[in-house]
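*Asks:* My questions all concern the structure below.
The values are calculated or read from the model by the stated rules, or taken from the named source; none is laboratory data. This is a predicted model, so every value here is computed, not measured. We place every Cβ from the backbone using ideal geometry, glycine too, and count neighbours over all the protein chains shown.
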Amino acid sequence: MNDADFSKENLKALADFWPVFANPKFVWEIEEAIEPKVKGEFIMPQRIWDKEATAFHKMVYKEEWVVDYDWTEWVETEEFKKMMENPNGIETATAVQLAKLITALVRKERFCEGTLSEASSSGLLERITRRASQLI
């Protein structure tokens, strides 16, 4: 995998979400209470993604930003830590590094619900999409 694997169209599709994630009013998901059908029954609230969150999730698969590599190993590397620990660490990321980061977030969401919501609220998705716009 190299940067040439990501076309301007791939980058634009990712960069198109920059205004969404830069909007301070954007919220990835809301919790919706579900009324119990039986008195005394407790039902955990359901998490519902915003339509833009759902669109982003679909786009990263369609535009092949979710790539095949060992993301569980990569999140332990200095490369990953440098990007995550430094708020400006993504400013020099390559398209490949963006793909690895997106893949790690999307895959982790499967095991740890709320990963993408946290990435949104922390500004991480905004920084990723801003970087994509710079790479076009």
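*Asks:* Every residue in the stretch 30-84 that is surrounded by 12 or more Cβ atoms within 10 Å (Cβ to Cβ) and among the acidic types (Asp, Glu), please.
*Replies:* Within the stretch 30-84, Asp50, Glu52, Glu63, Glu64, Glu79 qualify.
*Asks:* Let me ask something else. Only one residue in Asp70, Asp3 is within 16 Å of Leu105 (Cα to Cα) and among the charged types (D, E, K, R). Which one? Break it down into steps so the answer makes sense when it comes.
*Replies:* Numbers: Asp3 fails: within 16 Å of Leu105 (Cα to Cα).
Of the residues listed, the single one that is within 16 Å of Leu105 (Cα to Cα) and among the charged types (D, E, K, R) is Asp70.
*Asks:* Something else about it: Out of all the residues in the stretch 11-23, is one or more modelled with pLDDT under 95, in a loop (DSSP other than H, G, I, E, B) and not hydroxyl-bearing (Ser, Thr, Tyr)?
*Replies:* Going residue by residue through the stretch 11-23, those that are modelled with pLDDT under 95 are none.
Checked against the condition, which is being modelled with pLDDT under 95, in a loop (DSSP other than H, G, I, E, B) and not hydroxyl-bearing (Ser, Thr, Tyr), the stretch 11-23 yields no hits at all.
*Asks:* Would you mention how many residues in the stretch 91-136 are free of Cβ contacts under 8 Å to residues at least 12 places away in the same chain, farther than 14 Å from Trp28 by Cβ and either surrounded by 15 or more Cβ atoms within 10 Å (Cβ to Cβ) or β-branched (Val, Ile, Thr) (or both)?
*Replies:* Residues flagged as free of Cβ contacts under 8 Å to residues at least 12 places away in the same chain, farther than 14 Å from Trp28 by Cβ and either surrounded by 15 or more Cβ atoms within 10 Å (Cβ to Cβ) or β-branched (Val, Ile, Thr) (or both) within the stretch 91-136 amount to 1.
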